[in-house]
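K.L.:
Can you read through this structure? Questions will come right after.
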Amino acid sequence: MTATQAYLANLLEKTATAQEWEWIQSKVQGDLKARQIAFVALPRFIRKVPVHTGGTMATPIQGWELDQWTLDRLARVYLLSHIPNHDETVYINAIEMLFDTAEINELVALYSALPLLAYPEKWLFRATEAVRSNMGVVFDAIAFGNPYPLHYFSELAWNQLVLKCIFNDKPIHLITGLTQRANAKLANTLSDFAHERWAAGRKVPAQVWRLVQNFMNDTLLDDMRRLLQSDDTYNQTAAALVCFHSTYAGAKELIESYPSLRNSVQKGQLQWKQLEVHQLCYV
């Protein structure tokens with residue numbers, strides 16, 4: 001048993017009833033076809049109840065978050081982890097068949113399992129399909145607490161994922177690798193997006209500006225100036241954080257004009273996590 005399988009088994013045993021755990025164990029010991037059938041039939045035997053991860057060991061896959069999972073989702077991922085992968089063709093065909101016939105909850109489990117599936121590059125098309133999905137829970141399964149996009153998405157695909165979160169007022173801080181994959185193209189696109197929203201008399205969630213800190217230019221500096229001059233506390237906080245931590249000369253000069261905000265950032269009284277709670281709607 002791998003470390004990841006042991007981690008999942010530990011969670012399952014703590015949440016499942018004795019009867020449920022016995023059923024799961026019996027199915028992972030079956031052949032490939034039995035495991036595929038169990039994956040589909042699972043809701044008849046396993047409840048859809050929250051999995052309690054508190055107090056358990058850290059997940060073996062960095063950035064993989066299971067806090068919002070349900071027992072049926074966890075059990076399905078555990079089943080997937082036991083599909084033999086020594087034959088690439090057989091393995092890929094088996095997983096693809098599950099994707100092709102999946103209903104919404106099965107898709108959520110499949111996308112949640114991407115970080116542990118063998119031959120990870122083979123699932124890139126499926127993963128980018130999830131970003132385009134109009135099924136919210138399917139999109140959330142690839143976007144939040146899932147390290148697969150961090151490691152395998154192109155810059156274009158990554159930016160599409162982040163922008164879709166922003167367009168739909170979703171919490172971008174839950175995206176694994178958000179800061180690591182920040183890039184100049186995304187920063188400039190966010191500026192264009194903000195200008196469009198402002199022109200329409202609408203708002204932009206303040207925490208999105210965390211993505212521009214390392215890619216400042218004169219246009220983004222003007223955006224920070226606008227935020228600092230606004231009467232919105234969250235916008236002021238965002239701009240202060242960007243300017244204080246940026247290495248861009250103009251940003252350093254700008255924050256010096258707001259000593260109170262500068263001092264608050266310096267003392268740790270203003271942080272991005274304060275903006276993660278207050279998600280602004282586009283109104």
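Every read-out reported here was derived from the displayed coordinates using simple, explicitly stated rules and does not represent laboratory data. Keep in mind that this is a model prediction, so the values were computed, not measured. We place every Cβ from the backbone using ideal geometry, glycine too, and count neighbours over all the protein chains shown.
K.L.:
Dipole magnitude of region 1-178 about its Cα centre, charges +1 at Lys/Arg Cβ and -1 at Asp/Glu Cβ only, in debye to the nearest 20?
P.N.:
Roughly 260 debye for region 1-178.
K.L.:
Add -39500 (n - 2.57) for each DSSP H run of 4 or more in the chain, then divide by its residues: what number comes out at 222 nm, to the nearest 500 deg cm²/dmol?
P.N.:
Result for the chain, helices only: -17500 deg cm²/dmol.
K.L.:
Mean separation of Cα pairs under 8 Å and 6+ residues apart, divided by the residue count of region 158-271: what relative contact order is that in percent?
P.N.:
19
K.L.:
Kindly provide log₁₀ I(q)/I(0) values, in the same order as q = 0.12, 0.13, 0.17 Å⁻¹, from the Debye equation applied to equal alpha-carbon scatterers of region 1-178.
P.N.:
Reported log10 I(q)/I(0), two decimals: -0.53, -0.63, -1.09.
K.L.:
Let me ask something else about it. Kindly write out, for region 117-131 in residue order, the coupling ³J(HN,Hα) from the Karplus curve 6.51 cos²θ - 1.76 cosθ + 1.60 (θ = phi - 60°), rounded to whole Hz, with x marking Gly and Pro.
P.N.:
Along region 117-131, the couplings run 6, 6, 6, x, 5, 5, 9, 4, 4, 4, 5, 6, 4, 5, 5 Hz.
K.L.:
Next up: Which lysines have a Cα lying under 25 Å from the Cα of K164, excluding residues fewer than 8 positions away in the same chain?
P.N.:
K122, K185, K203, K273
K.L.:
Taking K33 as the anchor, which aspartates and glutamates have their alpha carbon closer than 17 Å to its alpha carbon, excluding any fewer than eight residues away along the same chain?
P.N.:
Partners found: D87, E88, E96, D100, E106.
K.L.:
Right, another one. Within region 2-47, which trypsin sites (Lys or Arg not before Pro) sit in a loop by DSSP and count at most 14 neighbouring Cβ atoms inside 10 Å?
P.N.:
Here the sparse-neighbourhood loop sites are R47.
K.L.:
Out of region 64-169, which GluC sites (Glu not before Pro) are coil in DSSP terms and have no more than 16 other C-beta atoms within 10 Å?
P.N.:
Here the sparse-neighbourhood loop sites are E65, E103.
K.L.:
Then there's this: Find how many whole Å separate the alpha carbon centroid of region 1-30 from the alpha carbon centroid of region 143-211.
P.N.:
Measuring centre to centre over Cα atoms gives 36 Å.
K.L.:
Continuing with the same structure: Work out the FRET efficiency for D192 and Q229 from their Cβ-Cβ distance, taking R0 = 22 Å, and round it to the nearest 0.05. Working shown, then result.
P.N.:
Working: r = 20 Å, r/R0 = 0.91.
Plugging the Cβ-Cβ distance into 1/(1 + (r/R0)^6) gives 0.65.
K.L.:
Please identify the trypsin sites (Lys or Arg not before Pro) of region 184-283 that satisfy two criteria: DSSP loop assignment and at most 13 other Cβ atoms within 10 Å. Which are they?
P.N.:
Values: sites: K185, R197, R202, K203, R210, R225, R226, K252, R262, K267, K273; in loops: R202, K203, K267.
Those satisfying the criteria are R202, K267.
K.L.:
Just to verify a number: FRET efficiency for S260 and L156, C-beta to C-beta distance, R0 = 45 Å, to 0.05?
P.N.:
Efficiency for this residue pair is about 0.65.
K.L.:
Something else: For region 182-283, with only Lys/Arg (+1) and Asp/Glu (-1) charged at the beta-carbon, what is the dipole magnitude about the Cα centre, in debye rounded to 20?
P.N.:
I would put it at about 240 debye.
K.L.:
Would you be so kind as to identify which of H151, N263, C243 lies farthest towards the positive end of the dipole of the chain, taking Lys and Arg as +1 and Asp and Glu as -1 on Cβ and the Cα centre as origin?
P.N.:
N263
K.L.:
Calculated FRET efficiency, Q274 and T2, Cβ-Cβ r, R0 45 Å, to nearest 0.05?
P.N.:
With R0 = 45 Å, the Cβ-Cβ based efficiency is 0.70.
K.L.:
I want to check the label-to-label distance for Y119 and E96. Put each point 7 Å from Cα in the C-beta direction and report it in nm to one decimal.
P.N.:
Roughly 0.8 nm, to one decimal.
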